[in-house]
Amino acid sequence: MAEITVVGGINIDIEGIPYQPLRTADSNPGLVNQSFGGVGRNIVENIARMGGDAAMLSLTGDDFMGESARKQLESLGVGTDHIYHIQGESTGVYLSILNHRNDMELAICNMDILERITPAFLEDKMEFLNRSKIVGVDCNLQRESLDYITEHARVPLFLDPVSASKAERVKPIIGAFHTIKPNRIEAELLSGIKITDEISLSRAGEWFCRQGVKRVFISLGEKGAYYREGACEGIAATKSVRVLSATGAGDAFSAAILLGHVKGMSAREAAQMGIACASIAMEAKTAVNPEISMEKVYDRI
């Protein structure tokens, strides 16, 4: 049984980049890139590439893309027995159109299939989840499903809020999670504390701990990441890196937190590893840098 299990989304990322300034209501010559994505899927791929023992609970459509995504994870050693193909459904897709400067103009995201992860679906999956050392979930799941997992889990839970709007789903139950990794905006929304400096950042971290959270990691973008475990707190600083794409950096950080838990690392050590993983992720155009490894992470630290 895997040490780390992640419940979350698998989707296909499709990105269009025009050669010239984008013309609306017209066909634009350009590049179209396709890759595997999804917060949960990205996390387990990073864990596997760093030598971790991971499995995933997720849903895909009964289509070629879903089967390909499952086989890719399987080839990396990820446990895929609980990735289910749903007949008549399509695998999640994130479709984005960039402009000629590589800034996003618009995007369409279809993750409707995750609505099938209901409490009824999860009922006979909890035994599988509870055999892990830690279970990661993201806020792409519906509120009822998040409630069900927190009520029936007997192992520590890790939460990636995904976005400010989706973080609202866990606001009443945030104390049920052992470890959380919001960004500054998500942390403000959940705690009700405006983060403007290190003092207010510390107040927010303390607030989460008072709710029952054991480990808090708040990503601060270029300024690094705040960490707190009990009375121990600090900021893990970033270093200069050649950024090809920031997409997936947060997922790499989450993978480091989960690995740090099973390796018995302190919050400070996990935060340092998270910063290293995020920096490696940003050196690739894909959501997961295929070159990431624990050796490279330790060298970066």
Sites Ile199 and Glu168, calculated FRET efficiency, Cβ-Cβ separation with R0 25 Å, nearest 0.05: 0.45
Of the trypsin sites (Lys or Arg not before Pro) in the range 1-74, those whose Cβ has at most 15 other Cβ within 10 Å and which sit in DSSP loop: Arg23
Rounded to 5, percent antiparallel among DSSP beta bridges of the chain: 45
Nitroxide proxy distance, nm - points 7 Å out along Cα→Cβ at His100 and Asn28: 1.0
Met1 versus Phe121: modelled label distance in nm, points set 7 Å from Cα along the beta carbon direction: 2.2
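Assuming R0 = 22 Å, can you tell me the calculated FRET efficiency for the pair Asp81 and Asp112, based on Cβ-Cβ distance, to the nearest 0.05?
Details: r = 24 Å, r/R0 = 1.08.
For R0 = 22 Å, the calculated efficiency reads 0.40.
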Contact order normalised by residue count of the range 155-243, Cα under 8 Å, 6+ apart, percent: 24
Spacing of the two label points (7 Å from each Cα toward its C-beta) at Glu269 and Ser245, in nm: 3.3
The chain - mean residue ellipticity at 222 nm from DSSP helices (-39,500 (n - 2.57) per run, n ≥ 4, rounded to 500): -10000 deg cm²/dmol
Mean Cβ neighbour count within 10 Å, used as a protection proxy, ranking 178-191, 239-252 highest first: 178-191, 239-252
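Quick one: divide the alpha-carbon radius of gyration of the range 148-301 by 2.2 N^0.38 Å and tell me what you get. Could you put the intermediate results ahead of the total?
Numbers: Rg = 14.9 Å, N = 154, 2.2 N^0.38 = 14.9 Å.
The reported ratio for this selection is 1.00.
When only C-alpha pairs under 8 Å and at least 6 residues apart count, what is the relative contact order of the chain, in percent?
Details: 648 pairs, mean separation 48.0, N = 301.
The normalised contact order for the chain reaches 16 percent.
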Flagged links, alpha-carbon separation over 26 Å, of Lys171/Lys296; Lys125/Lys181; Lys133/Lys285; Lys194/Lys296: Lys171/Lys296; Lys133/Lys285; Lys194/Lys296
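Share of Cα-Cα pairs in the range 6-131 beyond 19 Å, in percent? If you can, show how the numbers build up before the last one.
Numbers: 4203 of 7875 pairs.
Across the range 6-131, Cα pairs with separations above 19 Å total 53 percent.
Regarding the chain, what whole-number volume in Å³ per residue does the convex hull of its Cα atoms give?
Numbers: hull volume 40.9 nm³, N = 301.
Given the Cα convex hull of the chain, per-residue volume reads 136 Å³.
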Peptide ranges 130-143, 72-85, 257-270, 1-14 listed from the most packed, as the mean C-beta count within 10 angstrom indicates: 1-14, 130-143, 257-270, 72-85
Where the Cα pairs of the range 217-301 fall when distances are cut into 5 Å bins, in %: 3, 17, 28, 27, 16, 6, 2, 0
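Bear in mind these aren't lab numbers, they're just calculated from the coordinates by the rules spelled out. These figures come from a predicted structure and were not determined experimentally. Every residue, glycine as well, gets a Cβ built from its backbone with ideal geometry; the counts of neighbours run over all protein chains shown.
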